[in-house]
Amino acid sequence: MKQPILDALVAARRDKRAVVLATRLSDGAQSLIEGDTVTGELEVTEAIREAAGAARSADKGRTVEVAGAQVFVQPFNPPLRLIVVGAVHIAQPLVPIARIAGYEVTVVDPRRTFATDERFPDVALSDDWPDEALEQLKPDHRTAVVTLTHDPKLDDPALDVALKSEAFYIAALGSKKTHASRIERLVEAGHDRAALDRIHGPAGLSIGAVSPAEIAVAIMAQMTAVLRGSAT
């Protein structure tokens with residue numbers, strides 16, 4: 001790997017930016033692809049760009065044939081992150097499930113009696129107001145945001161910021177009636193209906209979940225389906 005490509009890759013990893021490394025297997029020629037920016041000697045054709053996009057989405061490398069040559073595209077994605085708003089009972093099973101699935105988890109709750117190290121050992125905790133916390137955490141396209149408090153004073157500010165971000169999954173706990181009221185408030189806050197369709201509410205797949213652990217599984221399943229592009 002030549003130095004300019006290595007430097008660009010290191011910088012992207014440091015800044016948590018998604019890039020794809022394309023390597024022609026016959027001679028080792030390489031280019032690093034980040035959006036419309038290409039660093040390297042390998043000509044990046046439309047076929048390589050399409051393969052790079054698919055590899056980035058699947059989080060898995062693949063080989064594509066270009067002009068009779070095999071080109072391997074390898075994604076380097078930022079870490080998956082989950083921001084949980086509300087240190088409530090459902091958050092307690094959701095956090096370890098998400099961590100097992102490879103997410104870096106932050107729990108946000110200004111109510112310090114809820115967000116404690118005893119209830120969430122070895123988990124990043126924020127007692128900032130949810131909108132302030134999300135503005136600092138800067139959700140990107142590898143970030144999921146789930147609100148669990150049922151309290152509009154906490155959930156709505158978090159959703160407001162999340163909807164302005166590239167978060168790949170946004171969900172809010174609550175009944176259909178609660179969600180309808182939530183949508184109306186967010187419309188009044190300036191969000192259009194198309195943007196609000198990004199919110200999964202009630203959060204989680206409809207699997208008849210009842211207990212906190214079952215609801216956490218339903219949320220994690222829906223989050224995975226959205227991440228992997230298999231959500232219906």
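The values are calculated or read from the model by the stated rules, or taken from the named source; none is laboratory data. As the structure is a prediction and not an experimental result, all values here were calculated from the model. Every residue, glycine among them, receives a Cβ derived from its backbone with ideal geometry; neighbour counts consider all protein chains shown. The protein model used for the area step is the full one, side chains on, heavy atoms only, and it has no ligands, DNA or RNA in it. Shrake-Rupley method; radii C 1.70, N 1.55, O 1.52, S 1.80 Å.
List of remarks:
- Lone qualifier among Pro139, Pro93, Pro121 - being touching a residue at least 40 places away in the same chain (Cβ under 8 Å) and assigned to a loop (DSSP other than H, G, I, E, B): Pro139
- Residues located in segment 97-109, provided they are open to solvent by less than 60 Å² (accessible area, probe 1.4 Å), modelled with pLDDT of 95 or more and out of contact with any helix residue (DSSP H, G or I) (no Cβ under 7 Å at 6 or more places or on another chain): Tyr103, Asp109
- Residue-level check: of (1) in a loop (DSSP other than H, G, I, E, B); (2) more than 30 Å from Asp122 (Cα to Cα); (3) not small (Gly, Ala, Ser), Lys16 misses just (2).
- Qualifying residue in segment 34-52 (condition: out of contact with any Ser or Thr (no Cβ under 9 Å at 6 or more places or on another chain), open to solvent by less than 40 Å² (accessible area, probe 1.4 Å), assigned to a helix (DSSP H, G or I) and of a type in the set (A, V, I, L, M)): yes
- Filter result for the condition that a residue is surrounded by fewer than 17 Cβ atoms within 10 Å (Cβ to Cβ) and among the aliphatic types (A, V, I, L, M), over Ala55, Ala124: Ala124
- Test: residue in segment 66-86 that is open to solvent by less than 10 Å² (accessible area, probe 1.4 Å), assigned to a loop (DSSP other than H, G, I, E, B), closer than 29 Å to Glu135 by Cα and at pLDDT 90 or above: yes
- Answer from Leu159, Leu186 - the residue that is within 23 Å of the chain's Cα centre (by Cα), over 21 Å from Ala225 (Cβ atoms) and either modelled with pLDDT under 95 or assigned to a helix (DSSP H, G or I) (or both): Leu186
- Within segment 162-181, restricting attention to residues that are part of a helix (DSSP H, G or I) and closer than 12 Å to Thr147 by Cα, the residue that is most open to solvent (accessible area, probe 1.4 Å) is His179.
- Checked against (1) over 15 Å from Asn77 (Cβ atoms); (2) without any contact (Cβ under 8 Å) to a residue 40 or more places away in the chain; (3) open to solvent by 80 Å² or more (accessible area, probe 1.4 Å), Ser26 passes all but a single condition, namely (2).
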